[in-house]
Amino acid sequence: MPCFQCPHCGRRHVVRPLDVEEGGRCPCGARYSVAMSTEEPADGVARDDGAGPSTWVMDRDGSVYEVRFHP
């Protein structure tokens, strides 16, 4: 599974299937959503909503995920 780092605390996370469906929260409190590169982010969060930093991660099978952190 692809991994990403929280831009707030640096903690490393693994993208889980549940993260893609529901989003997640880092232990530091940062909330994030994960979407396949062809999907809209979880929870109906629009890409132009002023969300915080985002990053892209790639799985071994070539699947690309966007991880967006929200204020």
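Each label point is 7 Å from the Cα along the Cα-to-Cβ direction; what then is the distance between the points at residue 58 and residue 16, in nm? Placing both labels 7 Å beyond Cα along the Cβ direction yields 2.6 nm. Under 17 Å from the 7 Å Cα→Cβ point of residue 5, by amide nitrogen: which residues of the stretch 56-71? Residues 56-58, 67-69 fall inside that zone.
Values quoted throughout were computed directly from the atomic coordinates according to the rules given, and no laboratory measurement underlies them. Everything numeric here is computed off the predicted structure, so don't read it as measured data. So basically every Cβ, Gly included, is an ideal-geometry build from the backbone, and we count neighbours across all protein chains shown.
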